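Below is one structure, written out as structure tokens; comments come after it.
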Amino acid sequence: MLLEGELVRLRALEPEDAERIHPFVIDPEVGRWMQNEHPLSLAQVRKRCEERAVNTYEKVVLGIEAKADRKLIGIIDLRDAEPEVGEAYLDVYIGDAEYRAGGGYGTEALRLMCRYGFDNMRLHQITLWVVAENEVARHVYRKIGFVEEGRHREAFVGLDGKRHDMILMSMLKGELKW
């Protein structure tokens with residue numbers, strides 16, 4: 001599966017992507033607003049990449065590749081998809097700092113994945129959770145059509161051990177903004 005825009009292409013992950021993904025999962029800036037596991041070694045990341053489940057309706061995980069240099073820069077997924085209700089949860093991160101700030105890579109990846117969810121998976125709603133203080137991400141989500149629906153107070157524990165509110169956001173089919 002390949003989804004392509006002007007800046008990025010979304011593609012299935014390959015076992016050889018482990019060497020590129022490992023620096024992302026150990027970067028504190030990437031992990032700052034994510035539910036973190038314990039630190040992973042390169043061998044553990046390789047094993048996960050080799051044993052990654054096949055993409056299915058319930059969970060589609062794709063690599064975000066910068067088209068200009070064919071470089072893996074992040075990961076995006078739609079997970080916990082339920083055909084009965086037409087809803088899935090979205091997760092995304094840009095792991096490569098060079099592509100993180102203001103270049104439009106994350107925005108385009110989000111639009112491509114949401115369009116795929118609505119058109120190909122026949123979803124009615126895409127939902128995500130974001131840490132309240134992550135205003136950069138919230139801005140991008142609002143820009144492409146997500147709306148804030150609620151707040152889960154002190155539900156996220158940051159790397160600093162402090163608790164933060166989580167914001168529930170969603171987008172309905174037909175609300176995606178290009």
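Report in % the part of the accessible area of the chain that belongs to carbon and sulfur, leaving out ligands and nucleic acids; probe 1.4 Å.
49 percent
With 29 Å as the cut-off, how large is the P(r) tail for the chain, expressed as percent of Cα-Cα pairs?
On the way: 2656 of 15753 pairs.
Above the 29 Å cut-off, the chain has 17 percent of its Cα pairs.
Expressed in nm to one decimal, what extension gain is obtained for the pair Q125 and R163 from 0.36 nm per residue of sequence separation less their Cα-Cα distance? Walk me through the numbers on the way to the answer.
Working: separation 38, 0.36 × 38 = 13.68 nm, distance 2.81 nm.
Here the segment from Q125 to R163 would lengthen by 10.9 nm.
Can you sort S170, S41 by solvent-accessible area, 1.4 Å probe, largest first?
S41, S170
Between D27 and E84, how high is the FRET efficiency from 1/(1 + (r/R0)^6) when r is the Cβ-Cβ distance and R₀ = 35 Å? Nearest 0.05.
0.40
Give the accessible area for K177 in Å² (nearest 10); use a 1.4 Å probe, count only protein heavy atoms, and leave out ligands, DNA and RNA.
Spelled out: K177, probe radius 1.4 Å, area about 110 Å².
Taking a threshold of 31 Å on the Cα-Cα distance, which of the pairs K47/K67; K47/K177; K71/K143 fall above it?
Over 31 Å apart, Cα to Cα: K47/K177.
Mind listing the phi-derived Karplus ³J(HN,Hα) values for the range 56-67, rounded to whole Hz, using 6.51, -1.76 and 1.60 with θ = phi - 60°, and x for any glycine or proline?
9, 4, 5, 8, 10, 10, 10, x, 9, 10, 6, 5
Looking only at GluC sites (Glu not before Pro) in DSSP loops with at most 15 other Cβ atoms within 10 Å, what is the longest site-free stretch of the chain? Intermediate results must be reported in sequence, preceding the final value.
Details: sites that count: E6, E37, E51, E58, E84, E175.
Between exposed loop sites, the widest span is 85-174.
Hey, any idea what Rg/Rh is for the range 37-95, computing Rh the Kirkwood way over Cα pairs? Walk me through the numbers on the way to the answer.
Numbers: Rg = 13.7 Å, Rh = 13.2 Å.
My calculation of the ratio gives 1.03.
How big is the dipole moment of the range 50-178 about its Cα centre under a simple scheme where the beta carbon of each Lys and Arg is +1, that of each Asp and Glu is -1, and everything else is neutral? Debye, nearest 20, please.
Using Cβ point charges on Lys, Arg, Asp and Glu, the range 50-178 gives about 400 debye.
Apply the a/c threshold of 1.5 to the C-alpha gyration tensor of the range 101-178 and tell me whether it is rounded, prolate or oblate.
Judged from the Cα gyration tensor, the range 101-178 comes out prolate (a/c at least 1.5, a/b above b/c).
Kindly sort Y116, Y89 by accessible area of their heavy atoms, largest first, with the probe set to 1.4 Å.
Y89, Y116
Once R0 is set to 25 Å, what does the formula 1/(1 + (r/R0)^6) return for the Cβ-Cβ distance between R153 and K71, expressed as a FRET efficiency to the nearest 0.05?
0.05
The values are calculated or read from the model by the stated rules, or taken from the named source; none is laboratory data. Because the structure is a prediction, the values reported are computed rather than measured. Backbone-built Cβ (ideal geometry, glycine too); neighbour counts: all protein chains shown. The area values use the complete protein model at the heavy-atom level, side chains included, leaving out ligands, DNA and RNA. Shrake-Rupley method; radii C 1.70, N 1.55, O 1.52, S 1.80 Å.
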